[in-house]
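The values are calculated or read from the model by the stated rules, or taken from the named source; none is laboratory data. Given the structure is predicted, the values throughout are model-derived calculations rather than measurements. For neighbour counting, all protein chains shown are included, and Cβ atoms are generated from backbone atoms with ideal geometry for every residue, glycine included.
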Amino acid sequence: KILGVMGDIVRAGWVTKESRHWGRWRLRWLELVYEEGTSVPNLCSYKAARMQWPEEPPRPTERLPLVGATCFPCPDDGTMAAGRPHAFALNLRGRDFVFATETADEAVEWVRSLSLAIAELALRLGGVEPSSMLAGGVPSPYEPFNAAATAAAAAAAGLNS
């Protein structure tokens, strides 16, 4: 992890992103970062990579706090990503934000990183320490999804009590 403008950067890299208003695909630098002070994970997109920024960081083109979000690979049938390969989506407040990467491995890693961040946040909001969910300290490939389901149930139980 490296120290970022808003906090610790967990993952960063180039993606193409579907624009909100015109549906055009644009190249964006994407960062998954934990906000300083609150430790809420945010997904931020920029027009330039961090190493190209002047001294003052630019305002993100999009900043998405991941509270209540879900992340998933897009179906290969082209219904979500206009036929783009290696696509994934982030659903937040009923809206899908769609991204595509150069390789399938990159897309898998983005989904894994985002899902884990979302699950850890849900656990913290539900009063559970995320590290207590890892058996032997080594997560399985499905751990983000298992943790997310457990966290969602814990959060729902907390809301219903």
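Descriptive notes on the structure:
- No other residue among 98, 40 is under 25 Å from residue 124 (Cα atoms) and either among the small types (Gly, Ala, Ser) or in contact with a strand residue (DSSP E or B) (Cβ under 7 Å, 6 or more places away or on another chain) (or both) apart from 40.
- Looking at region 56-105, the strands (runs of 3 or more DSSP E) lying wholly inside it that each contain 2 or more residues that are in contact with a Lys or Arg (Cβ under 8 Å, 6 or more places away or on another chain) sit at 95-100.
- Of the residues making up region 63-117, those that are among the hydroxyl-bearing types (Ser, Thr, Tyr) and within 15 Å of residue 16 (Cβ to Cβ) number 2.
- Consider region 31-62 and keep the residues that are among the basic types (Lys, Arg) and exposed (fewer than 15 other Cβ atoms within 10 Å of the Cβ). The one that is modelled with the lowest pLDDT is 59.
- For region 1-30, residues that are more than 20 Å from residue 122 (Cα to Cα), among the charged types (D, E, K, R) and modelled with pLDDT under 90 total 4.
- Pairing residues of region 75-99 that are in contact (Cβ under 8 Å) with a residue 40 or more places away in the chain with residues that are surrounded by 14 or more Cβ atoms within 10 Å (Cβ to Cβ) and part of a loop (DSSP other than H, G, I, E, B), at Cβ distances under 6 Å and at least 6 apart in sequence or on separate chains, gives 81/74; 90/69; 98/80; 98/81.
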